[in-house]
Amino acid sequence: MDAKHLTFPDASFDLVCGTSIIHHLDVDRAYAEVARVLKPGGVAVFLEALGHNPAINAYRRATPALRTADEHPLHMQDIADIAAAREHFTSVRSEHFALLSLAAMAVRRSSVFARASAVLQRVDRAMFRAVPPLRRWSWMAVITLAGPRA
């Protein structure tokens, strides 16, 4: 169904999950609908693409056939994206993934891929802990929304 106009009754769910959906929608309308269908104390969790990394954005521009017209990777510090969630939820958290670990894609068809990916993911986590501003350059984030506002 249309995620901007859910037909579920108010306070229907304890948990709402989505993968790569919010960045295809009007974020304010999507957050409002998610907040509406969550029960008090409910939580929403989304895995979403982010739009800050210049290298990833260059890849997006070079592969327009892989995109949809409505796609707009989220900007975590942007009023239009993250602040919209704060209008509808008392808690908005994000965990970031894939910065250097994207380099493992160069060997994705080889036997070293799993090891390279695991090592680079550990490096990513350490970098994000040590230098939090680097999170904005990550490719993906898990966004957890809690405390839907009435």
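The values are calculated or read from the model by the stated rules, or taken from the named source; none is laboratory data. Keep in mind that what you see is a predicted model, and the values were worked out from it rather than measured. Don't worry about glycine lacking a Cβ; one is built from the backbone with ideal geometry, like all the others, and counts go over all protein chains shown.
Per-structure values
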quantity: Boolean, ARG93 is over 16 Å from LEU145 (Cα atoms) and charged (D, E, K, R); calculated: no
quantity: Helices (runs of 4 or more DSSP H) wholly inside the range 47-150 that include at least 3 residues being loosely packed, with under 14 Cβ neighbours inside 10 Å and either free of Cβ contacts under 8 Å to residues at least 60 places away in the same chain or of a type in the set (Asp, Glu) (or both); calculated: 54-62, 113-130
quantity: Subset of the range 11-46 that is exposed (fewer than 13 other Cβ atoms within 10 Å of the Cβ) and within 26 Å of SER101 (Cα to Cα) - its residue that is nearest to the chain's Cα centre (by Cα); calculated: THR19
quantity: Residue that is modelled with the lowest pLDDT, among those in the range 1-46 that are charged (D, E, K, R) and outside any loop (DSSP other than H, G, I, E, B); calculated: ASP28
